[in-house]
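Working notes, beginning with the structure itself.
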Amino acid sequence: MPRSLCVAIATLSCVLPISASAQLQSSFTVGTATAESGQKATGTLDVPAGSDAATQIPVVVIRGINPGPILALVSGAHGTEYASIIALEGLISSLDPTQISGTVILLPLVNIASFQQKVPHVNPIDNKSMNRFYPGKEDGTQTERASFLITREVVDKSDYLIDFHGGDLDENLRPYAYWVISGDKKQDAVSKQMALAFGLDHIIISDDRPKDKSATKYLDNTAALRGKPTITVEAGYAGTVETDDVASLVQGTRSVMRLLKMLPGTPHAIDHPVWIKTLGEVTSPVDGIFYPLVKRDTFVEAGRKLGDVTDYFGKVIFEARAPVTGIILHICAVPSMKKGDNIANIGVIASKAP
Ligand SMILES: [Zn+2]
């Protein structure tokens, strides 16, 4: 075990809730799901009707037989990032409450309308991204009301949080994690160990999220600013459910649970990951047809041509070039291109590890 990890685990024991001294755990409720010690319960977060329709978000509570922290796992804010949804579906059945110390709250599919209708990026009910309107609004549209409920029922009730994403239907993505920086050094040391324990070999140092608690936008940032060590993880791409992607998300979750002493064993932390300090985003200034020239995970120099956008007659009307030197974290996976759409995100490698 590297020395830094020993120190981190020592630090971590300070942040575990005091309830860890109790013998058997009392019951625990999220939404309509109530689990007693040693039980797994299913239910829903009931988002009431408002200016638009009501919805029900599935929730699972796995109450370990032994006391310990509360870990929230959330996926499917973007309902067509399938690998992350399937990974959490697998964890619902494979996590065994008799092996767990503490409690796991699982939200495997936040955005059901997106999943059912195969609409990427947004909730088709109100056309809003379900990861941009936190901490939500009780009297807002469906996405805002759902975000409000998730903040209250999941974020506020948890000690740690992992938000699961991936390449959407139109994104060829290589796996990576976000280490979410809150500004609290102690908390950030814990979330860094979570990012390392998860095991994905590229980690974005995410320190540019809004710091206003009433306008946190992202789920990870909402949890981080409420004092919960948080990471976001991304794997899977373009509608696929590859075994490797699902396995990396499942194994990463189990490894973080070992770090948090929620499962027996030691975490398998990534050694010397690639740290990404900033992102270069390329968007299209025109409508047209996209022809990529590079793949996900390619290292590109600034200025390298990433692809062409043509008009509907085949004439090149935009040459997409890398604004920075770095790694293609994701690139558009489909020919459809609309003005303002993302063409690629490039990760700029940090000059030294944080
Ligand atoms: Zn997403």
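Scanning region 296-324 for residues that are more than 22 Å from Gly167 (Cβ to Cβ), assigned to a loop (DSSP other than H, G, I, E, B) and not basic (Lys, Arg) yields Glu301, Ala302, Gly303, Asp311, Tyr312, Phe313, Gly314.
Applying the selection to region 198-235, what residues are among the aromatic types (Phe, Trp, Tyr) and out of contact with any helix residue (DSSP H, G or I) (no Cβ under 7 Å at 6 or more places or on another chain)? The answer is Tyr218, and nothing else. From the set of residues in region 225-268 that are of a type in the set (Lys, Arg) and out of contact with any strand residue (DSSP E or B) (no Cβ under 9 Å at 6 or more places or on another chain), which is surrounded by the most Cβ atoms within 10 Å (Cβ to Cβ)? It comes out as Arg254. One residue stands out in region 51-80 among those that are out of contact with any Ser or Thr (no Cβ under 7 Å at 6 or more places or on another chain) and farther than 23 Å from Ala224 by Cα: the one that is nearest to the ligand (Cβ to nearest atom), namely Thr55. Each residue in region 122-143 was checked for being crowded, with 18+ Cβ neighbours inside 10 Å, within 16 Å of the ligand (Cβ to nearest atom) and under 15 Å from Ser214 (Cα atoms), and 3 of them qualify.
One residue stands out in region 205-246 among those that are among the hydrophobic types (A, V, I, L, M, F, W, C) and within 19 Å of Lys137 (Cβ to Cβ): the one that is nearest to the ligand (Cβ to nearest atom), namely Leu219. Per the conditions (1) of a type outside the set (Val, Ile, Thr); (2) within 12 Å of the ligand (Cβ to nearest atom); (3) part of a strand (DSSP E or B), the sole criterion not satisfied by Leu161 is (2). Only one of Gly102, Gly167 is in contact with a strand residue (DSSP E or B) (Cβ under 9 Å, 6 or more places away or on another chain), part of a loop (DSSP other than H, G, I, E, B) and within 23 Å of Leu249 (Cα to Cα). Can you tell me which? Answer to the check: Gly167. Inside region 89-118, residues that are crowded, with 24+ Cβ neighbours inside 10 Å, within 15 Å of the ligand (Cβ to nearest atom) and free of Cβ contacts under 8 Å to residues at least 60 places away in the same chain make up a count of 3.
Does Ser284 count as more than 23 Å from Ser191 (Cα to Cα), touching a residue at least 12 places away in the same chain (Cβ under 8 Å) and of a type in the set (Ser, Thr, Tyr)? Criteria met by Ser284. Residue pairs whose Cβ atoms lie under 8 Å apart, sitting 6 or more positions apart in sequence or on different chains, and linking a residue in region 180-199 that is at positive phi to a partner that is surrounded by fewer than 20 Cβ atoms within 10 Å (Cβ to Cβ), are Gly183/Lys211; Gly199/Gln251; Gly199/His268; Gly199/Ile270. Beta carbons closer than 6 Å, at least 6 apart along the sequence or on distinct chains, pair a first residue in region 71-88 that is among the β-branched types (Val, Ile, Thr) with a second that is within 11 Å of the ligand (Cβ to nearest atom) and part of a strand (DSSP E or B) for Val74/Asp163; Ile85/Ser75. One residue alone among Ala22, Ala49, Ala53, Ala41 is at pLDDT below 95, surrounded by fewer than 21 Cβ atoms within 10 Å (Cβ to Cβ) and not hydroxyl-bearing (Ser, Thr, Tyr), and that residue is Ala22.
Scanning region 176-224 for residues that are buried (at least 17 other Cβ atoms within 10 Å of the Cβ) and hydroxyl-bearing (Ser, Thr, Tyr) yields Tyr176, Tyr178, Ser182, Ser191, Ser206, Thr216, Tyr218, Thr222.
The values are calculated or read from the model by the stated rules, or taken from the named source; none is laboratory data. Predicted model, so just to flag it, every value in this text is computed and none were measured. Don't worry about glycine lacking a Cβ; one is built from the backbone with ideal geometry, like all the others, and counts go over all protein chains shown.
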